[in-house]
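What follows is a short report on a single structure.
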Amino acid sequence: MDRTFVMVKPDGVQRGLVGEIVSRLEAKGLKMAAARLEMMPEARVTEQYREHLEKPFFPTLRQYIMSGPCFLMVWEGKDIVPIVRKMVGATNPAAAEPGTIRGDLALDIGRNVIHASDSPESAKREIGIHFSPEELVDYTRIDEAVLYE
Ligand code: UDP
Ligand code: MG
């Protein structure tokens, strides 16, 4: 099974969208392997967004992510990385298709509600930043037998 890192950002937590987002992933058939609500420490914000450190938007991005609690999760499923990216939608909510999380629930690129890993390599790296191996729960969803061919 493949894994990805998903995070409801502070605007999503404050707007009460954690349940809606978890529901969408659950209904798809994906399996939650770990979850934590926390104020993300600066060191892990910097690690998470390492590729954007030199970008002009990085200081405001860091401020945004540290403005309130985030809801961090690990999810599992076949081909999960591209599947969740599609469910999340384009980075700019103005370009995100209706039916996607950002397309349905967000308006501004600087308040786009959710993060999801963009490749299996990023997923592995990001899960490692935020979760220890013992925090990843290994179990079978009762419907796995009918979710997969
Ligand atoms: N971001 C921003 N302004 C920009 C580009 C990105 O505020 O012009 C923020 C936004 O929160 C985005 C995050 O930086 O989700 C990471 O950017 P990336 O291009 O990796 O988008 P994502 O992978 O989240 O779709
Ligand atoms: Mg990204």
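Please treat every number below as a calculation from the coordinates, not as lab data. Just so you know, these numbers come straight off a predicted model, no measurement behind them. Because the Cβ atoms are built from the backbone with ideal geometry, glycine has one as well, and the counts that use them run over all protein chains shown.
For the range 85-144, state which trypsin sites (Lys or Arg not before Pro) are in a DSSP loop and have at most 16 other beta carbons lying within 10 Å of their beta carbon.
141
Along each of the three principal axes of the Cα atoms of the range 22-63, give the extent in whole Å, ordering the values from largest to smallest.
Result for the range 22-63: principal-axis Cα extents of 37, 18, 14 Å.
If we count every other residue with Cβ under 12 angstrom of residue 141's Cβ, Lys/Arg +1 and Asp/Glu -1, where does the sum land?
-3
When you take every Cα atom in the range 50-123, what is the radius of gyration, and what is Dmax, the widest Cα pair distance, in Å?
Radius of gyration, then largest Cα-Cα span, for the range 50-123: 12.9, 36 Å.
Can you list residues from other chains, or at least 5 along the same chain, whose modelled amide H is less than 5 Å from the amide H of residue 114?
Amide H neighbours of residue 114, under 5 Å, 5+ apart: 9.
Stick to Cα atoms and the Kirkwood definition of Rh, then tell me Rg/Rh for the range 1-75.
Rounded to two decimals, Rg over Rh is 1.00.
If each of residue 144 and residue 125 carries a label point 7 Å out from its Cα toward its Cβ, how far apart are those two points in nm?
The answer from the label model is 2.9 nm.
Could you tell me the number of lysine pairs in the chain with C-alpha atoms less than 16 Å from each other, where the two lysines are 8 or more residues apart or belong to different chains?
So the count of such lysine pairs works out to 5.
With a Cα-only, solvent-free Debye model of the chain, what are the log10 I(q)/I(0) values at q = 0.14 Å⁻¹?
Results for the chain at q = 0.14 Å⁻¹ read -0.65.
For the chain, what relative contact order do you get, as a whole percent, if you take Cα pairs closer than 8 Å and at least 6 residues apart?
With pairs under 8 Å counted, the relative contact order is 35 percent.
Taking the Cα centroid of the range 3-20 and of the range 105-140, what is the distance between the two, rounded to the nearest whole Å?
11
State, to one decimal in nm, how far the label point of residue 14 lies from the label point of residue 43, with both points 7 Å from Cα in the Cβ direction.
2.7
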